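Beneath this line is the structure, given in structure tokens, with notes to follow.
The values are calculated or read from the model by the stated rules, or taken from the named source; none is laboratory data. The shown structure was predicted, so the numbers you read here are calculated from the model rather than taken from an experiment. Please note: Cβ atoms are built from the backbone with ideal geometry, for glycine as well, and neighbour counts cover all protein chains shown. Heads up: the accessible areas ignore ligands, DNA and RNA and are worked out on the full protein's heavy atoms, side chains in. Shrake-Rupley method; radii C 1.70, N 1.55, O 1.52, S 1.80 Å.
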Amino acid sequence: NAAMCRDHITIFGDTVIESSHAWRSRFGEMLAYKNLRTRFTRYGARWIVGPQPSGADELYDFSYPITKNVKTRHDLASQGKFVTKDVEICFDTADFFRCGRDIFCQLSQVTNFLGIKWLTNILGQKYRFHILQFKDPNPMHVDATFQVVREGLAISNPDRPCLQVKL
């Protein structure tokens, strides 16, 4: 399903970032947007493609418990344990948003620390990165939990409060 472009691409100034999807089923979805690369580049944008993970079994924690027990999932997320491991760079761009010079993101089932580190290395001189952590049993895409609407106004899901910000 290539209908969710926010998962695939995001724009920071004149730089377009293409995601590094963790899910094997999403590897070909960017083909739906390939014409944008040429058009955006013609108009001066820098288009940067995130390193594409191999999708090898080593990226995934096959022992990650599939459970309906919300407390277990909360505990795992609060310990930084997710389905994806830090053996390859992976991130969905929907796990990032910008406010001025600050970029907020979260670790999730589809965004690992290496993905955040890679984006920090690419954009870090222009922006300050902040990792948010929410009380979320199955974190995936920060915009489903928290979003800045404009200066002085944010929307936060009351069922998933922010626990901390890691700088």
(Q) I'd like the full set of residues that are outside any strand (DSSP E or B) and surrounded by 12 or more Cβ atoms within 10 Å (Cβ to Cβ), limited to region 14-29. (A) Ser19, His21, Ala22, Trp23, Arg24, Arg26, Phe27, Glu29
Q: Could you tell me which numbered condition Ala144 fails, if it satisfies all but one of (1) hydrophobic (A, V, I, L, M, F, W, C); (2) open to solvent by 50 Å² or more (accessible area, probe 1.4 Å); (3) touching a strand residue (DSSP E or B) at 6+ places or on another chain (Cβ under 9 Å); (4) under 23 Å from Ser78 (Cα atoms)?
A: (3)
(Q) Can you find, within region 30-54, the residue that is surrounded by the fewest Cβ atoms within 10 Å (Cβ to Cβ) among those that are farther than 27 Å from Gly124 by Cβ and touching a residue at least 24 places away in the same chain (Cβ under 8 Å)? (A) Leu31
(Q) Condition (residue is under 23 Å from Gln52 (Cα atoms), open to solvent by 10 Å² or more (accessible area, probe 1.4 Å) and polar (S, T, N, Q)) applied to region 106-117: is it met by at least one residue? (A) yes
Q) So which of Thr93, Thr145 is of a type outside the set (A, V, I, L, M) and either closer than 17 Å to Ile48 by Cα or more than 16 Å from the chain's Cα centre (by Cα) (or both)? A) Thr93
Q) Which one of Leu123, Leu59 is touching a residue at least 40 places away in the same chain (Cβ under 8 Å), open to solvent by less than 40 Å² (accessible area, probe 1.4 Å) and under 23 Å from Arg26 (Cβ atoms)? A) Leu123
Q: Please determine, by comparing only the residues of region 72-86 that are in contact with a strand residue (DSSP E or B) (Cβ under 9 Å, 6 or more places away or on another chain) and not hydroxyl-bearing (Ser, Thr, Tyr), which one is most open to solvent (accessible area, probe 1.4 Å).
A: Lys85
